[in-house]
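S.K.: I'd like to ask some things about the structure below.
Read the figures in this text as sums done on the coordinates, not as results from a lab. None of these values were measured; they are calculated from a predicted model. Here Cβ is always computed from backbone atoms with ideal geometry, including for glycine, and neighbour counts include all displayed protein chains.
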Amino acid sequence: MSRWVWMAVLAAGLLAVPVMAQEATQAAALQDVESTLVEAVGYDAATQTLTVKLVTDGSVYEYFGVPQEVYDQFMAAESKGNFFAKNIKNVYKFQKKQ
């Protein structure tokens, strides 16, 4: 198709231009927790993304595909650091936030 035809198609609204969903660039609001390992935690139930800020150096990590139930257990755990190390850290895919 020529450029003019594309422009006409777009102007007429006949072509749906896919719009990529905005990545979760904004972490869920972090809530301070009592732990010697974990400083703060946030959770986005819609994307099942768990955000964890560590005490040691303030690093922030996002863990993906974390079910609500695991987040609830994490927040209810007597030792959040222990729960994190055993049930989240090496279990879910993650990325370090900058």
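S.K.: Based solely on C-alpha atoms, express the radius of gyration and the Dmax of the range 28-97 in angstrom.
M.R.: 10.6, 29
S.K.: Do any GluC sites (Glu not before Pro) in the range 38-98 lie in a loop, going by DSSP, with at most 15 other beta-carbon atoms within 10 Å of their beta carbon, and if so which?
M.R.: Working: sites: Glu39, Glu62, Glu69, Glu78; in loops: Glu78.
The qualifying sites are Glu78.
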